[in-house]
Every structure is written in structure tokens, then in C-alpha cells.
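The values are calculated or read from the model by the stated rules, or taken from the named source; none is laboratory data. Nothing here was measured: the structure is a model prediction, and the numbers come from that model. For neighbour counting, all protein chains shown are included, and Cβ atoms are generated from backbone atoms with ideal geometry for every residue, glycine included. Surface areas here come from the heavy atoms of the whole protein model, side chains and all, with no ligands, DNA or RNA. Shrake-Rupley method; radii C 1.70, N 1.55, O 1.52, S 1.80 Å.
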Amino acid sequence: RHAPHKKMLGWVRERSSRLAWAGLLIVSTQVASMFVVVPVAANVLVTASSIVYLGAGRSLKVLLEAPSSESATRKKRREESIMLSSGDAMRFPVLGSIFLVGAYALIAVFGRRAINVVLTCYFAGFGAFAIESALEFEVLEWLDEGQPWPYRFGRVVRLRPALAARVAGCESLDLRLTSVQAACWLASLAMIAWYSVTKHWLLNNAIATCLCVSGLESVSVGSFANAALLLSGLFVYDVYWVFFSTRVFGDSVMVSVAKGIDGPIKLLFLRTTHPKPEFSMLGLGDLVVPGLFVALLLRFDARRTHNDGSQGPVHLGTFPATYFHTAILAYLAGLAATLAVMYYADAPQPALLYLVPAVLGASLLVAAARNHLRDLLSYSEEKTHLATGGDPPGVGHPLPDDLATSAAPQAAPADDDDRKKAD
């Protein structure tokens with residue numbers, strides 16, 4: 001066994017300092033805001049870009065790690081990841097519009113308090129899973145992930161009646177937890193309970209950050225074509241519901257819902273503390289939607305590098321990430337343009353109006369300049385993923401059949417003893 005300090009140094013090197021710095025920037029800006037009023041523009045740019053950077057970087061390990069070298073934990077994360085199709089990309093603006101109008105109507109009829117009680121419970125559930133996932137990921141990155149965890153609490157629950165099993169897609173659920181998972185769940189539930197009682201903005205941002213990173217690391221838009229379709233649809237969605245919905249509803253539906261819901265669906269940035277705290281806000285969609293495209297470009301960079309014959313592990317910093325870094329800079333430029341127009345017009349702005357052309361246009365310009373336009377336009381993760389580790393570079397493996405439907409609970413895995421017998 002390595003000494004603790006050596007293990008810590010190895011952990012930092014393994015993860016590459018870039019992701020560590022991104023996480024440190026997120027934490028430091030939020031903690032600093034508790035003591036001083038950080039300029040809103042700087043706070044938004046640093047926090048949002050760091051979240052996108054961190055989530056995209058972690059998506060390499062979840063979506064592209066080779067099956068021959070990954071641990072059981074990462075294998076489980078792969079099976080729980082989601083691959084979006086072109087149909088999903090087309091449905092998102094429609095489903096988002098239905099949710100937005102429904103939330104607007106509920107606030108108008110029942111008031112903010114009633115809808116916030118329901119949504120607090122809803123997002124608390126998702127937030128608990130996201131926080132536990134983030135904590136477990138970090139703890140297992142530091143610990144020796146290959147070591148066995150023989151002690152598990154809980155039991156396997158058989159689903160009855162048959163209808164429940166049919167809906168769940170499996171006959172039983174494995175509710176056993178390792179000691180690490182149990183500790184992470186306790187911390188997660190404590191944070192959620194604290195937020196439910198206090199509604200503190202710092203806890204709101206912590207939960208929202210975990211939701212964003214969890215989404216970026218475990219969801220793939222499938223292909224460049226799907227990403228372009230998704231970005232274009234949500235571009236129209238964002239612009240309409242911020243600017244043009246006033247013609248039908250007499251008010252900006254997007255702004256009304258964002259201000260009316262007290263939940264971790266947005267990041268809050270402190271503007272002033274006198275006479276009372278006032279906040280600017282950034283919706284999670286303005287991070288996740290362009291962030292999914294940025295993460296796709298990072299994996300495109302990784303795949304091009306390994307298909308060209310480069311060997312070694314896939315970590316941020318171990319291969320040239322031209323498209324990824326270009327997209328991050330474009331995201332920053334688009335976000336800066338959003339803030340500039342917002343301050344000049346003194347009115348809320350649909351961030352995707354500036355972010356979508358920035359990230360999509362920048363990637364196409366770089367691809368055209370580097371003569372990679374055909375490769376970029378045809379890039380897809382729906383059939384293959386990058387092979388690394390012990391496999392020859394450039395060799396792809398089929399994705400698991402259940403990748404796109406892995407949101408359903410999985411059947412309980414075999415016990416350790418059974419697994420050893422099978423080996």
C-alpha cells in the first residue's frame with residue numbers, strides 16, 4: 001500500500017490537474033461569494049465555464065473508458081449512461097415547452113408556494129442521486145478503486161407483483177450498499193435536508209452543479225448531427241419563450257417561471273447584500289445544452305488522436321484537444337456577449353441566442369480550416385466508442401445493447417462468491 005500522501009499525489013496526477021483546477025475554481029468562487037460580493041460577470045464566466053469543463057472532462061472516463069480496463073464502478077456508470085437519438089433531440093423543445101407552460105399555469109392558478117413544494121421534492125430526489133454520484137466518484141478516484149469492497153449493507157428486493165417487475169424491466173433490485181456508498185448517501189441526504197429547510201443559495205448552487213456535472217458526464221448526444229439538431233431546436237425554444245411569449249401570455253413565460261420557482265434549476269449569483277440579498281441567475285439549460293456539445297467535441301478530439309495511432313490512457317491533457325478548447329473559448333465568448341447585452345438592454349436575455357451560434361459556428365470554422373469538416377459532420381457515438389487500455393488503438397467496440405434504455409433499474413448482479421466461481 002502506498003502512503004496516504006503518495007496516494008494523494010498519484011490521485012492528482014491521475015486525474016490531471018486541469019480537472020482539479022476546474023473543481024477548485026467552482027468551490028472557491030462560491031465560497032468567496034459568502035464573504036465578498038464577487039463581480040457578477042466574473043462569477044458567471046468562471047463558474048459556468050468551469051462546470052462545463054469539469055463535466056466534459058469526466059465524460060471521457062464514463063463514456064470512453066475501455067471495457068477491458070475499467071472498474072466495476074465505472075462499468076456500472078457506463079451501463080447507466082444515456083445515448084440520445086435524433087428523435088430525442090427533436091422532442092426536447094416540445095417537451096420543454098409543455099413543462100414551461102404547465103409550470104407557468106400552475107404558478108398563476110395555485111401560486112408560487114404550492115408549485116415550489118412539489119418541485120422541491122422532485123428536484124431533491126434528483127439532487128440526492130447527483131450529489132451521491134459526485135461524492136462517490138471523487139472518493140473512489142482517491143481510494144484504490146480496484147480493491148474489493150466485500151461488506152455491503154441492505155439486501156436484494158424481489159419485485160412483486162409481476163406488473164411492477166415488467167414496468168421496472170427486471171425481477172429484482174439490488175439495494176445493497178458498500179461502506180463508501182453508505183457514507184456518500186448520508187452526506188447527500190444531509191445536504192438535501194439542509195437545503196429543504198434553509199433554501200440557502202450556496203446549497204442551491206451545490207446541488208445545481210452536481211446535477212449539471214452528472215448530466216454532462218453520463219449523457220451523450222449521440223452524434224454531431226443530433227447535437228446540431230438539439231442546439232437548433234433549443235435555440236428557437238429559448239428565444240421564443242423569453243422574447244415572443246409576451247404576445248400570447250402578456251408576460252415572458254421563461255422569466256416568470258425562472259423567478260417563480262425556488263429550486264436548483266438555476267445558479268444564483270449574489271449581486272448585492274443591502275438592503276437585502278439580490279441575485280442574478282443562470283438556468284441550468286444554458287450550461288447543460290451547450291455543455292453536451294462541448295463534451296462531444298472533447299470525445300471527438302480523443303477519438304481522432306487514438307485512431308491516428310497514439311497510445312496511452314484517455315485523460316484530459318494527454319492528447320491535443322483543439323476542438324474542445326475552441327468550444328470552451330467560444331462558450332466563454334457567447335456567455336460574455338449575453339452578459340454585455342443584458343447589462344446594455346437592462347433586460348433578461350436568452351443565453352442560447354448567443355451560445356449556440358458561438359459553439360456551433362466555432363467548431364465548424366475550425367473543422368473547415370483543418371480539413372476535418374467531413375469527419376466532424378459524420379462523427380457518431382451511437383454504434384462505437386473509443387477503445388483504450390489493452391486494446392490496439394483505433395479498435396472500436398459495440399456499445400452495450402441497453403445503453404439507451406439504461407435509465408430503467410438493472411437486475412441485481414451476482415454475489416462475489418458466484419462471480420469468483422464463474423471466473
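For this structure, a couple of remarks:
- Every residue from region 86-118 that is in contact (Cβ under 8 Å) with a residue 12 or more places away in the chain and of a type in the set (A, V, I, L, M, F, W, C): Ala89, Met90, Phe92, Leu100, Val101, Ala103, Ile107, Ile115
- Within region 39-66, considering residues that are modelled with pLDDT under 90 and over 20 Å from Thr326 (Cα atoms), the one surrounded by the most Cβ atoms within 10 Å (Cβ to Cβ): Leu63
- Residues of region 313-347 satisfying the condition of being of a type outside the set (A, V, I, L, M), modelled with pLDDT of 90 or more and more than 22 Å from Val219 (Cβ to Cβ): Thr322, Thr338, Tyr343, Tyr344
- Any hit, region 122-139, residues being open to solvent by less than 70 Å² (accessible area, probe 1.4 Å), at pLDDT below 75 and not aliphatic (A, V, I, L, M): no
- Whichever residue in region 68-121 is of a type in the set (Phe, Trp, Tyr) and open to solvent by 90 Å² or more (accessible area, probe 1.4 Å) and, among such residues, is modelled with the highest pLDDT: Phe92
- Taken together, the residues in region 219-243 that are out of contact with any strand residue (DSSP E or B) (no Cβ under 8 Å at 6 or more places or on another chain) and either of a type in the set (Ser, Thr, Tyr) or outside any helix (DSSP H, G or I) (or both) amount to 4.
- The residues on offer are Ser252, Ser232, Ser310, and the sole one that is polar (S, T, N, Q), under 28 Å from Ser86 (Cα atoms) and either open to solvent by 20 Å² or more (accessible area, probe 1.4 Å) or modelled with pLDDT under 90 (or both) is Ser232.
- Candidates Leu287, Leu296: the one that is part of a helix (DSSP H, G or I), under 19 Å from Asp375 (Cα atoms) and at pLDDT 90 or above is Leu296.
- Single condition Arg271 does not satisfy, out of (1) in contact with a Phe, Trp or Tyr (Cβ under 7 Å, 6 or more places away or on another chain); (2) over 25 Å from Val117 (Cβ atoms); (3) open to solvent by less than 30 Å² (accessible area, probe 1.4 Å): (3)
- Pairing residues of region 29-51 that are more than 19 Å from Asp286 (Cβ to Cβ) with residues that are assigned to a loop (DSSP other than H, G, I, E, B), at Cβ distances under 6 Å and at least 6 apart in sequence or on separate chains, gives Ala32/Val38.
- Filter pass, Ala193 being out of contact with any helix residue (DSSP H, G or I) (no Cβ under 6 Å at 6 or more places or on another chain), among the aliphatic types (A, V, I, L, M), more than 26 Å from Val118 (Cβ to Cβ) and surrounded by fewer than 22 Cβ atoms within 10 Å (Cβ to Cβ): no
- Pairs where the first residue, in region 246-261, is without any contact (Cβ under 8 Å) to a residue 40 or more places away in the chain and the second is open to solvent by less than 30 Å² (accessible area, probe 1.4 Å) and assigned to a helix (DSSP H, G or I), C-beta under 9 Å, 6+ apart: Thr246/Val253
- Looking only at residues in region 255-268 that are in a loop (DSSP other than H, G, I, E, B) and open to solvent by less than 30 Å² (accessible area, probe 1.4 Å), the one that is farthest from Ile115 (Cα to Cα) is Pro264.
- Breaking point among (1) farther than 26 Å from His372 by Cα; (2) assigned to a helix (DSSP H, G or I); (3) not charged (D, E, K, R), for Leu329: (1)
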